[in-house]
Amino acid sequence: MRIFIAALCAALLCGIAFAQTGYPFQNPSLDVEKRVDNILSLMTIDEKIKCLEFGSGVPRLGIRNAGWSEGLHGLVRKGDFGGKAIPTTSFSEVIGMAETWDTGLVQRAGAVEGYEARYIFQNPKYHEDVLVDWGPNSDLARDPRWGRNNESYGEDPLFDGVMSVAFIHGLQGNDPKYWQAASLMKHFLANSNETTRGTSSSDFDERLLREYYSVPFRMGFVEGGAKSFMAAYNAYNGVPMTVHPILQSLAVKEWGGNGIMSSDATAIELMVNQRHYYKTMKEATAAAIKAGIGQILAFYLKTPQQVHDALADKSLTEADIDAALRGKFRTVIWLGLLDPPAMVPYAKIGTEGEPEPWTTEKNKAVARDVARESVVLLKNNGILPLDKAKIKSIAVIGPHANEVLIDLYGGKLPYAITALDGIKAKVGAGVTVNFAANNTDDAAVKAAKESDIAVVVVGNHPTCNAGPNLGAIFNLDVSSKPCADKSEGREGRDRESIDLTQEELVKQVYAANPKTVMVLVSSFPYAINWSQANVPAILHMTHAAQELGTGLADVLFGDYNPAGRTNQTWPKSLDQLPPMLDYDIRHGRTYMYFKGEPLYPFGYGLSYTTFKYTNLRFSQAKLAAKGSVTVSVDVTNTGKRAGDEVVQLYVQHPSSQVARPNKELKGFERVSLKAGQTRTVQIPLKAESLAWWNQKAGKWEVEPETIRVVVGGSSADARLQKTIAVTQ
């Protein structure tokens, strides 16, 4: 009866709302496509052309612009593009979020961002159009030299996909009808080189397209529920992604990505001026719209003029524009912007009197959890955790010890707890803290010699010290100016070295005090071979976390047991990597095909406790081609401290009749165990996840074979293994 009454009330509410307005598109009970039809039928051609740019608003019809914001690891409100500077919650760079290996936590972070977007959109103090958030970046970090490595969840397609899905679920919310905010994934597809991205082509076969590069996007659409995406700058097999047929054939028709399809900034211009793929801007603009691009990001193009010219010579039709714009208005409807507020569960967010969410303990706690869980313990000879009771003095040294740096896609921090801040707060007034930013006048050496323990914080600058005028760093071909330090990178500029310039400071500190802990705060893997061979302990973190210092101090002093894991392979040298523009990962990229021994393998990280794996088993004796099996393993904390273990499941294909990777991640779970506790970890394994793409047949095939299932704490840790037959 209650369900019937609720349904009746909702129906009455819909009817009243429609009766008060008169436009069919304002009737919530009408089919989405019919509502979009009505909107487009009411719009003038100039209104449509205006909506081909950043906006989705039609003021004459009372349709508010959903707007946009960058949003990879927090909503970005720097105060640029005419908006207000708003200090939203800032999490670790995406590489750091990935290193948590905690999908639940990534979903919580996405939920914080989505809530803050809705708050800013609806709160009368701000009232900014920010509901379409550009994230996640679902590109794969196939090479650690990539300048935007920090934006990616890593090198493994399943892992990236699972993390993308978690972030999207958090951002968009869990209501079955309406979204809290809209995810716009980027950059589709195979966009992992920067310096030549405006002219380069990512070339590989259809099998790699299906099995590797497209996987995170497919999962984001199909499992995550995202509908919108941005086309990449690069070409794929010679065709610019801005006009590539797979925008429609894969993203839209196969995976349901029928929301906003956006170009990247100046991508239309690039197809003319840099690629010479089209002769005129009019031709390039018309081609992009016909390919489905309904949001043209441009600075110099003068989009309205190009569209009018194309309409005039009939190389573009109004129907083409309508087709490209449909996704924008679907998005407006899915966000609930055309429906009565009483129907939309997120409509009350940001009401007057509600505290700004970034000031609440709830959001701060999520930021702290991400900072803590992102810490990867790369090496420990027993010096960690530090015992406050036995330390009278500690040196905190390094150029990044007293700063929290923001990357190009970070926002204004509500506050920043540096490594120095966190350590000072942890040790209290009873311990002397000696700080030196560098070794000028032997300051670092002096601080290290005068202290019981030295903590040296080194790494990269995530913008290569670009300064506040970020627009000045970019060239017309969308590359950016070279970084002074060749081991650093950023958008538009790939790294030329993976050696850590600041490792020299580590050597100086270690020579002064052998009780040295190295903290690498970086956006990339580094070939820190000397440090791995000599320094007693090494931790890895990433930039942009407002709670960086808290997370670090908690781990240093044992209040939190680290369990972060690397999200990509750390090579020992550039000699272990294929050429940057070689997109065929089978030539030695990622843990799946890596040749030789890495410095740190994919999925690697240490703990202050130890874990034992026993009793690997399957829920059934065989795995049917259309079935699934549950893989179970008992994990015991055999140490004296509580801690988390990241249980990873890999599959090998020793009897396959087609070429396969050395191993492939097929599942993982981060589990918490008290000292002495045993838990049974269960990871589902679907036969369809074992399929390979038969390029000749144009379809997925599950091969009848015997596979080897390997479980352990990293891609190199074959703790237990067992075979199972896959049958037709």
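The values are calculated or read from the model by the stated rules, or taken from the named source; none is laboratory data. Treat the numbers as computed from the prediction; the structure is a model and nothing was measured. Backbone-built Cβ (ideal geometry, glycine too); neighbour counts: all protein chains shown.
For region 84-106, filtered to residues that are in a loop (DSSP other than H, G, I, E, B) and either acidic (Asp, Glu) or touching a strand residue (DSSP E or B) at 6+ places or on another chain (Cβ under 8 Å) (or both), the residue that is nearest to residue 170 (Cα to Cα) is 102. Among the residues of region 500-516, is any within 25 Å of the chain's Cα centre (by Cα), closer than 25 Å to residue 371 by Cβ and among the β-branched types (Val, Ile, Thr)? Looking for residues that are within 25 Å of the chain's Cα centre (by Cα), closer than 25 Å to residue 371 by Cβ and among the β-branched types (Val, Ile, Thr), one finds none in region 500-516, hence no.
As an exercise: evaluate residue 110 against (1) of a type in the set (Gly, Ala, Ser); (2) over 19 Å from residue 185 (Cβ atoms); (3) within 18 Å of the chain's Cα centre (by Cα) and give the number of the one condition it does not meet. Status for residue 110: all satisfied but (2). Residue 693 falls short on exactly one of the conditions (1) in contact (Cβ under 8 Å) with a residue 40 or more places away in the chain; (2) under 17 Å from residue 207 (Cβ atoms); (3) not in a strand (DSSP E or B), and that condition is (3). The single condition among (1) within 33 Å of the chain's Cα centre (by Cα); (2) under 27 Å from residue 546 (Cβ atoms); (3) buried (at least 20 other Cβ atoms within 10 Å of the Cβ) that residue 412 does not satisfy is (3). Right, residue 215: surrounded by fewer than 23 Cβ atoms within 10 Å (Cβ to Cβ), free of Cβ contacts under 8 Å to residues at least 40 places away in the same chain and farther than 21 Å from residue 288 by Cβ or not? For residue 215, the condition - surrounded by fewer than 23 Cβ atoms within 10 Å (Cβ to Cβ), free of Cβ contacts under 8 Å to residues at least 40 places away in the same chain and farther than 21 Å from residue 288 by Cβ - is not met.
Among the residues of region 548-570, write down those that are touching a strand residue (DSSP E or B) at 6+ places or on another chain (Cβ under 9 Å), of a type outside the set (S, T, N, Q) and assigned to a loop (DSSP other than H, G, I, E, B). Passing the criteria: 562, 563, 564, 565.
So for region 335-350 (the condition being surrounded by fewer than 20 Cβ atoms within 10 Å (Cβ to Cβ), assigned to a loop (DSSP other than H, G, I, E, B), modelled with pLDDT of 95 or more and within 28 Å of the chain's Cα centre (by Cα)), does at least one residue qualify? Yes, region 335-350 has at least one match.
Scanning region 434-460 for residues that are β-branched (Val, Ile, Thr) and buried (at least 18 other Cβ atoms within 10 Å of the Cβ) returns 445, 453, 455, 456, 457, 458.
Please enumerate the residues belonging to region 531-578 that are surrounded by 20 or more Cβ atoms within 10 Å (Cβ to Cβ) and of a type in the set (Gly, Ala, Ser). Hits for region 531-578 are 531, 537, 544, 545, 549, 551, 553, 563, 564. Here residue 137 passes the criteria (1) over 30 Å from residue 277 (Cβ atoms); (2) of a type outside the set (Ser, Thr, Tyr); (3) crowded, with 24+ Cβ neighbours inside 10 Å except the one numbered (1).
Of the candidates 418, 440, the single residue that is closer than 19 Å to residue 462 by Cβ and polar (S, T, N, Q) is 418.
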